[in-house]
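Only one structure is covered here, and it is reproduced in the block below.
The values are calculated or read from the model by the stated rules, or taken from the named source; none is laboratory data. It should be emphasised that the depicted structure is a prediction, and the values quoted were computed from it without experimental measurement. Methodologically, a virtual Cβ is constructed for each residue, glycine included, from the backbone with ideal geometry; neighbour enumeration extends over all protein chains shown.
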Amino acid sequence: MKTKFASLKLAIVLLMAVSLLCYAARYLPQLASASETSELAPSFDTTKPVSEITAPAGGWSFRNHVIPVLTRLGCNSGACHGAAAGKGGLKLTLRGYDPEADFNALTRQSLGRRVNKVEPAQSLMLLKPTMVLGHGGGKRLSVDSLEYKVLSEWIAVGLAAPAESDAHITRVEVSPKAATLSTNTERQLRVKAFFSDGHAEDVTRWAKFSTADPAVAVVDDDGKVKMQGSGETAISVWYQSQVSFARVANPYPNKISPEVYARSPRQNFIDELILKKLQTLNIAPSEQATDREFIRRAFLDAMGVLPSPQEVSSFLADTATNKRAKLIDALLAREEFTDYWTNRWADVLLISSEKIGSTAMWSFYNWTRDSVAANKPWDKLVREIITASGNTLENGAANYYVMHKEVTDLTENASMAFLGMSITCARCHNHPLEKWTQKQYFQMANLFARVGLKNGVRAGDVQVYSNPYGEVNHPRLNKPLPPAPLDGEVLPFDSPKDRRQHLADWLTSPSNPYFAKAAVNRVWKNFMGRGLVEAVDDMRATNPPSNEELLNALTKNFTDQGFDLKHLIRTIMNSAAYQRSSKPNDANQQDERFYSRYIIKRLPAEALLDAVSQVTGVATEFPGYPAGMRAMQLPDARVNSYFLTIFGKPPRFATCECERTAEPSVTQALHAINGDTINQKLRAPGGLVDSFLKLGATDETIIKHLYLSAFSRQPDKEEINRLLALMNESKESGKTSTEARRLAIEDLAWAVLTSKEFMFNH
């Protein structure tokens with residue numbers, strides 16, 4: 001009996017051992033990958049001499065070795081065989097985004113002549129790039145190179161095809177992640193790729209490198225960085241579908257005492273993190289702006305209007321130490337604040353009658369304005385748009401789906417508007433500058449595939465609803481892919497959950513690494529003149545923020561406060577960084593990225609036109625709108641205003657910051673000098689000039705009023721004397737006394753309204 005039990009016990013132990021071995025073989029690679037603490041396959045180092053390098057366990061992989069070699073040689077670039085039509089009869093997918101198609105092209109097409117398993121050296125894919133045979137792309141390969149070794153050995157051992165069981169790359173790491181160097185010094189970067197089976201390989205040799213700012217540092221094809229000048233820049237690294245970056249810095253040769261940073265004001269965490277960056281780079285911050293500078297800046301940045309002379313005088317006379325904070329709170333409570341930020345978000349949402357008609361446009365605009373007025377949390381506002389259903393005249397947010405009927409349009413617009421990133425390239429192939437793949441694009445697109453539309457009974461009335469069916473096919477695979485947000489969980493095909501709800505859950509989650517950052521970055525640029533990531537709708541791994549620690553801190557604060565936009569704005573405006581002077585010092589004249597001073601920027605088109613109207617006392621008339629409506633209150637992108645058009649009001653055709661331009665042009669200059677906008681307002685009955693003449697105001701009174709209303713400051717004595725002399729000269733023109741005086745006042749007002757001090761915020 002004991003023998004039987006002993007035998008049974010041994011059998012159970014053996015069975016358990018076998019089970020454990022099977023478990024280990026099946027699950028330990030995944031566990032190792034997840035923990036990222038072990039390497040189950042030998043590490044592969046491309047930095048060794050070619051003679052010392054042997055193929056990793058399992059041999060050379062088409063997916064993980066052959067494709068990277070072809071990419072490194074430029075074979076699958078857009079200028080070569082990766083072009084839409086290919087080159088020389090060979091078409092490869094751009095940067096190898098479809099290994100299966102590339103394998104077929106190299107081994108099956110042209111009667112298989114491109115590879116020769118018996119004599120690998122006679123393969124066309126080796127003979128041509130070595131120029132043994134004529135090659136339109138020139139010599140790309142040497143027979144003693146590692147690349148030649150990989151290709152020839154892959155051919156010799158049997159042309160291993162790509163398979164789903166292949167280890168897939170999960171991430172790349174670059175080292176050093178950050179380095180501080182001096183001018184003309186060099187540093188070699190190393191790139192390590194990690195794979196799903198737990199092993200890692202040094203892929204420095206086959207990675208692609210680029211620099212964000214060649215004036216600071218350049219990088220060669222092998223990853224060697226050379227510092228060129230002072231500042232900080234990012235070195236981007238691409239390998240297969242993964243991207244990463246390293247930061248290199250070269251402090252400016254300024255002699256700055258630590259006391260400069262120690263005594264710099266700190267209002268909140270923004271200041272701590274900006275000063276930390278400035279001290280690292282030897283950049284001294286500018287002094288704080290004066291009260292007169294601050295009030296004009298705050299009014300224009302928060303509301304798009306000028307402070308009145310009375311508001312300026314009252315603020316300057318206030319002796320309270322917290323008067324700036326009180327002013328900020330007051331601005332955020334005003335109707336003009338609501339108008340301004342409704343206009344900003346209307347640009348992002350592309351609110352226009354061009355696609356949805358006037359009635360529906362008003363519905364969408366009013367919904368947006370009500371949301372801003374109520375300070376609706378950003379996550380809630382976006383969720384309501386993404387999940388919108390019902391009548392478009394009753395639920396303005398539902399017009400989003402009328403404006404963007406195509407799933408590709410919805411996918412790209414939502415990514416740009418709410419994530420600050422463009423994924424359009426991934427519609428046709430893996431993104432060349434980002435990690436997003438064509439597969440991920442169409443998984444995201446499939447989240448919008450079941451949005452249904454049907455016309456109502458009234459003009460502009462459309463019903464938006466969720467269909468129980470509908471898919472979008474992947475163009476290459478010719479089948480739908482399980483719907484999933486970018487980097488999000490897959491939703492099964494048969495799930496009863498509204499796919500848009502699934503997208504909204506991922507999109508607005510505090511753990512989403514893109515959503516809150518995109519909103520923070522847009523708001524930051526409005527006040528600071530430049531996004532922490534610039535441009536604000538180009539947030540990708542290869543375009544890192546100028547101050548990553550600050551962006552992360554702002555994002556955390558924003559999410560911790562429930563996505564409260566007013567809280568975010570209040571935090572930024574109360575910082576000492578926002579309240580710095582725009583005047584540079586000797587140590588920050590070259591800084592345009594690290595916020596050592598306020599960045600001067602031209603007023604937005606709407607704010608500029610409203611400011612002209614405000615100073616002249618003559619409202620602008622907009623056809624089809626009530627008298628007295630300001631440019632900032634216009635709901636529609638379609639408005640008949642030459643001034644707004646030439647000064648950069650966006651047409652709202654695409655969700656791109658580039659639509660709103662602030663670049664000066666000859667057209668702008670000519671219109672400011674000779675156009676109707678300013679000149680007609682100065683001549684208008686009942687306007688500013690008329691008022692001065694009726695009141696019999698003195699020249700000095702007129703000068704002071706214009707300066708206070710346009711510049712939010714009083715003129716100094718030198719300015720007064722110079723302008724008085726010029727006005728006297730105008731009166732001696734031979735015209736009647738009244739005519740001469742009107743012309744003198746008009747000339748003075750025109751000079752003020754066309755000056756840089758008026759047209760820019762500083």
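Entry remark, the range 151-176: residues being over 21 Å from residue 196 (Cβ atoms) and hydrophobic (A, V, I, L, M, F, W, C) number 5 in total. For the range 282-295, the set of residues classified as touching a Pro at 6+ places or on another chain (Cβ under 7 Å) and crowded, with 23+ Cβ neighbours inside 10 Å consists of 295 only.
Within the range 540-568, being farther than 23 Å from residue 372 by Cβ and not small (Gly, Ala, Ser) holds for 540, 542, 543, 544, 545, 547, 548, 549, 550, 551, 552, 556.
For the range 410-438, residues that are outside any loop (DSSP other than H, G, I, E, B) and either among the β-branched types (Val, Ile, Thr) or surrounded by fewer than 19 Cβ atoms within 10 Å (Cβ to Cβ) (or both) total 4. Here residue 587 clears all of (1) closer than 24 Å to residue 758 by Cα; (2) buried (at least 18 other Cβ atoms within 10 Å of the Cβ) except the condition numbered (1).
For the range 152-160, state whether one or more residues are at positive phi, in contact with a helix residue (DSSP H, G or I) (Cβ under 9 Å, 6 or more places away or on another chain) and part of a loop (DSSP other than H, G, I, E, B).
For the range 152-160, residues at positive phi, in contact with a helix residue (DSSP H, G or I) (Cβ under 9 Å, 6 or more places away or on another chain) and part of a loop (DSSP other than H, G, I, E, B): present.
Could you identify the single residue in 543, 557, 547, 640 that is touching a Leu at 6+ places or on another chain (Cβ under 9 Å), outside the structural domain of residue 422 (by TED's automatic domain parsing) and modelled with pLDDT under 95? Break it down stepwise before answering.
Numbers: 557 fails: modelled with pLDDT under 95; 547 fails: modelled with pLDDT under 95; 640 fails: touching a Leu at 6+ places or on another chain (Cβ under 9 Å).
Going through 543, 557, 547, 640 in turn, the sole match is 543.
Summed over the range 439-478, the residues that are in contact with a helix residue (DSSP H, G or I) (Cβ under 6 Å, 6 or more places away or on another chain) and assigned to a helix (DSSP H, G or I) give a count of 5.
Residue by residue, here is whether (1) assigned to a loop (DSSP other than H, G, I, E, B); (2) outside the structural domain of residue 239 (by TED's automatic domain parsing); (3) surrounded by fewer than 21 Cβ atoms within 10 Å (Cβ to Cβ); (4) under 36 Å from the mean Cα position of the chain (by Cα) holds:
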position	(1), (2), (3), (4)
75	yes, yes, no, yes
79	yes, yes, yes, yes
85	yes, yes, yes, yes
104	no, yes, yes, no
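Screening residue 580 against (1) within 22 Å of residue 423 (Cα to Cα); (2) buried (at least 21 other Cβ atoms within 10 Å of the Cβ); (3) out of contact with any Leu (no Cβ under 8 Å at 6 or more places or on another chain) leaves a single unmet condition, (1). In the range 607-616 there is no residue matching the filter, namely being among the hydrophobic types (A, V, I, L, M, F, W, C), buried (at least 20 other Cβ atoms within 10 Å of the Cβ), in a loop (DSSP other than H, G, I, E, B) and at pLDDT 95 or above.
Rundown of residues vs (1) part of a helix (DSSP H, G or I); (2) of a type in the set (A, V, I, L, M), yes/no style:
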residue	(1), (2)
307	no, no
311	yes, no
324	yes, no
327	yes, yes
331	yes, yes
337	yes, no
341	yes, no
345	yes, no
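Take the conditions (1) surrounded by 12 or more Cβ atoms within 10 Å (Cβ to Cβ); (2) not in a helix (DSSP H, G or I); residue 739 misses just one of them, which is (2).
Going through 317, 333, 374 one at a time, which residue ends up being surrounded by fewer than 18 Cβ atoms within 10 Å (Cβ to Cβ), within 30 Å of residue 511 (Cβ to Cβ) and free of Cβ contacts under 8 Å to residues at least 40 places away in the same chain? Walk me through how you get there before you give the answer.
Numbers: 317 fails: within 30 Å of residue 511 (Cβ to Cβ); 333 fails: within 30 Å of residue 511 (Cβ to Cβ).
It is 374.
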